Amino acid sequence: MTDSSSSHTGPGAHGRENARNKASAFFKEKANRNLATYQQMETDRLIGETKIAKLRALRLAKEEADCEIARIAEASRPIMVKKKKSAAIKAN
């Protein structure tokens with residue numbers, strides 16, 4: 001007659017426990033790799049967003065400077081007065 005407690009101490013139970021521990025360790029390691037991957041992706045995303053924000057600020061500053069230069073050039077340009085064309089009288 002076998003006792004229910006003796007079935008857990010047999011050689012098969014030890015093998016199952018060992019396999020369960022290996023599987024648990026594997027899945028923990030996989031979860032850690034996934035976490036590290038997601039953290040790296042988040043870091044890369046933040047770096048990219050920072051770079052884009054910096055480039056956008058530089059572009060806007062350049063556009064503003066170009067607009068200011070154009071405004072100053074327009075203001076310093078001499079005003080040209082158009083002469084009226086004299087009306088020629090046609091003799092027909």
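Values quoted throughout were computed directly from the atomic coordinates according to the rules given, and no laboratory measurement underlies them. Treat the numbers as computed from the prediction; the structure is a model and nothing was measured. Here the Cβ positions follow ideal geometry from the backbone for every residue, glycine too, while neighbour counts run over all protein chains shown.
Dipole check for the stretch 11-76: with +1 at the C-beta of Lys and Arg, -1 at the C-beta of Asp and Glu, and the Cα centre as origin, the magnitude is about 720 Debye.
Around Glu68, with a cut-off of 14 angstrom between Cβ atoms, what is the net charge of the other residues, counting Lys and Arg +1 and Asp and Glu -1? The answer is -2. The label-point distance for Thr37 and Arg71, in a model that sets each label 7 Å from Cα toward Cβ, rounds to 5.2 nm.
The phi-based Karplus calculation (6.51 cos²θ - 1.76 cosθ + 1.60; θ = phi - 60°) puts the 3J(HN,Hα) values of the stretch 17-24 at 4, 5, 5, 5, 5, 5, 5, 4 Hz, whole numbers, x for Gly and Pro.
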